[in-house]
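The block underneath contains the structure these notes are about, expressed in structure tokens.
The values are calculated or read from the model by the stated rules, or taken from the named source; none is laboratory data. Note that this is a predicted model, so its numbers are computed, not measured. Note that we place each Cβ from the backbone using ideal geometry, even for glycine, and neighbour counts take in every protein chain shown.
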Amino acid sequence: MSKVIRLYEHGGPEVLRYEDVEVPAPGPDEVQVRHTAIGLNYIDVYDRSGLYPAELPAVLGREGAGVITAVGRKVRGLKIGTRVAYVHSVAGAYSELRNLPAARVVRLPKGISDEVAAATMLKGLTAQFLLRRTVRIERADLILVHAAAGGVGLILCQWARALGATVIGVVGSDAKAMLARRHGCRHVLVSGRDELVPAVKKLTKGRGVRVVYDSVGKDTFMASLDCLAPRGLMISYGNASGPPPAISPLELSRRGSLYLTRPSLFTYIATRQELEAMARDLFRAIQSKKVRIRVGQSYPLAAAAQAHRDLESRRTTGSTVLVP
């Protein structure tokens, strides 16, 4: 038996139920993982609310870390007792025990704790592709990062600074502004107090930034476009305030031949080779201390609903883990 958090209808945190389920033996190409830590991410909110429709009943969660307890007969290179972590396009991490495709898990190197790994796979690999693959950030680049004190934001800002970029962060409070400054932001703006576009133009001497990383969506999308320099790149990778508005391509043209992309992590880690290469890069960044993972809060798995409430009300900082 395994404890899980399951939902039978889409809605608020109150739809999450803590239940027992039977877990079968792993399939031929699968491993069974006993979770020691589970990552909480905004995509879990999208799955729960129905923004990303899921077949019900469903178990939430896209990332976790733990120990292999059983292996399928075709699995090679992994064995019982191996410490692993994963991020998977199929939800199901809010559980004590889970079967996963062996091709989707990576070994954890020494020096990377289970808690850090569970807080890092989705957010850290997202930062990796945003900085190194969607666009290759270079020394002296000017970039703008929304939700700079969030899970992805703290990793993104530190890594960008290590690459030599100048980071302007946007946060929701003075407390979060202090956190963002300690994690790579040269300048920090507080939403609701600082007017975004004039402030960015002033900080960049009228030029605007090369790249905007926008995980907020509806509330910031158009202002983010206005913060870009000519031929700048808008990377919309989240919908915390709701989906961004539909726009005409002419909006990009009249603002200076801008580029717009809406990437997804799972496209970038579609192959085993890509997943392993990106994970190695991420783990090296953590081991070298270019990136320090801040686990801001931890909740028992049974308290997943409260964790969702705190995440949605922006009471969390850094990464959050659930512990079975």
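Only strands (runs of 3 or more DSSP E) whose full extent lies in the range 2-53 are considered here, and the ones with at least 3 residues that are under 20 Å from ALA65 (Cβ atoms) are 2-7, 30-40. Being of a type outside the set (Phe, Trp, Tyr) and either touching a Lys or Arg at 6+ places or on another chain (Cβ under 8 Å) or without any contact (Cβ under 8 Å) to a residue 60 or more places away in the chain (or both) holds for only one residue in SER264, SER298, and it is SER264. Restricting the range 127-177 to residues that are among the hydroxyl-bearing types (Ser, Thr, Tyr) and modelled with pLDDT of 95 or more, the residue that is farthest from the chain's Cα centre (by Cα) is THR166. Only one of the numbered conditions (1) at pLDDT 95 or above; (2) surrounded by fewer than 17 Cβ atoms within 10 Å (Cβ to Cβ); (3) not aliphatic (A, V, I, L, M) is violated by TYR52, and that is (1). Of SER224, SER257, all but one fail to be in a loop (DSSP other than H, G, I, E, B), among the hydroxyl-bearing types (Ser, Thr, Tyr) and outside the structural domain of LEU51 (by TED's automatic domain parsing); the exception is SER257. Pairs linking a residue in the range 98-110 that is within 15 Å of LEU282 (Cβ to Cβ) to a residue that is in a helix (DSSP H, G or I), with Cβ atoms under 7 Å and 6 or more positions apart or on different chains, are VAL106/LEU275; VAL106/GLU276; VAL106/ALA279; LEU108/ALA117; PRO109/PHE283.
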